[in-house]
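Q: Quick one: the structure is below, questions incoming.
The values are calculated or read from the model by the stated rules, or taken from the named source; none is laboratory data. Since the structure is predicted, the reported quantities are computational estimates derived from the model, not experimental observations. Using ideal geometry, Cβ is built from the backbone for each residue, glycine included, and neighbour counts are taken over all protein chains shown. Calculation scope for accessible area: heavy atoms of the full protein, side chains included, ligands and nucleic acids excluded. Shrake-Rupley method; radii C 1.70, N 1.55, O 1.52, S 1.80 Å.
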2 protein chains.
Amino acid sequence: MSNFVLHPDLERDGVLIGNFQLSRVLLINDSNYPWFVLIPEIPDTSDTIELSKIEHERLWEESRIFGLAIMKLFNGDKLNVASLGNMTPQLHVHHIVRYQSDPAWPAPIWGKHPMTPYSELQLKRIRELFTSAELDNFTAAICNG
Amino acid sequence: MSNFVLHPDLERDGVLIGNFQLSRVLLINDSNYPWFVLIPEIPDTSDTIELSKIEHERLWEESRIFGLAIMKLFNGDKLNVASLGNMTPQLHVHHIVRYQSDPAWPAPIWGKHPMTPYSELQLKRIRELFTSAELDNFTAAICNG
């Protein structure tokens, strides 16, 4: 959509996985957790409630479809969903697959452990998961390499 | 709704503020932040994605209405919305009004500071805010005292 520019923090930490009708989907490049963000491509938006009623409904339906998919793909114990954005003010909704064995469990993940980037091979495999998953209204990013 | 019983952690920490059609609304008794939870009254539900498509849509519309209301009532700088539940597995969606001057800013609030209960007078005033607010499909709890 016009005038939407990804915030530099998300540009730095995220790897494009694909797009829903409203939201761009990034993988956060931290191999401690399967951690994704949905970013509605609406300029100048910081809080969920700033979306129109229709956009808000669409965001959360995309969240539902995506959350179901990642809990299945990554076989998680618990899904964490959050819109915080106190430090990165562009609206982004975290979707994190949690395991009782993960390094931050049962605490929230933010600020717990340094980010540990994936290898190129790991990133390729995660991208391929989404290329083969059939998600409603989701267009997977093209896998490179 | 039948068979729904509030989790003891939420019973202990929460003060009833009112009910939407789907969700019970509690104030968390911690005066560090205006901190509320929406709890869909559906038994045996832990993750947002376990709700039916219709229930999920309703929860998030209630979140939108409630989030707009509390950001106005409490004049916040940022709204934090989150479904975590790693420790308290009954589905509850945090709605926290954040200020750049609050004790945890800009970090997420969980685990940052000991809970500081409100006085009875403070609780009465917060309940009264919701009694006088006109929120779509929201029934405020009756104020005592």
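Q: Filter segment B:103-115 for residues that are open to solvent by less than 60 Å² (accessible area, probe 1.4 Å) and touching a residue at least 12 places away in the same chain (Cβ under 8 Å) and give the result.
A: B:Ala104, B:Pro108, B:Ile109, B:Trp110
Q: Which condition number does B:Ser52 fail, the rest of (1) in contact (Cβ under 8 Å) with a residue 24 or more places away in the chain; (2) open to solvent by 40 Å² or more (accessible area, probe 1.4 Å); (3) closer than 25 Å to A:Asn75 by Cα; (4) small (Gly, Ala, Ser) being met?
A: (1) is the only condition that B:Ser52 fails.
Q: Further, regarding this structure: So, in segment A:61-85, of the ones that are assigned to a loop (DSSP other than H, G, I, E, B) and buried (at least 19 other Cβ atoms within 10 Å of the Cβ), which residue ends up farthest from the other protein chains (Cβ to nearest Cβ)?
A: The selected residue is A:Gly76.
Q: Also, quick follow-up: Mind listing just one residue for me: the one in segment A:86-96 that is more than 13 Å from the chain's Cα centre (by Cα) and within 10 Å of chain B (Cβ to nearest Cβ) and, of those, surrounded by the most Cβ atoms within 10 Å (Cβ to Cβ)?
A: Across segment A:86-96, the extreme among qualifying residues is A:Asn86.
Q: I would also like to ask the following. Could you please find all residues in segment A:1-30 being surrounded by 16 or more Cβ atoms within 10 Å (Cβ to Cβ) and among the small types (Gly, Ala, Ser)?
A: A:Gly14, A:Gly18, A:Ser23
Q: Looking only at segment A:86-99, how many residues end up being assigned to a strand (DSSP E or B) and more than 18 Å from A:Phe20 (Cα to Cα)?
A: Qualifying residue count for the region: 2.
Q: Kindly establish whether B:Leu6 is over 26 Å from B:Ile142 (Cβ atoms) and in contact with a strand residue (DSSP E or B) (Cβ under 8 Å, 6 or more places away or on another chain).
A: Taking the combined requirement at face value, the residue does not satisfy it.
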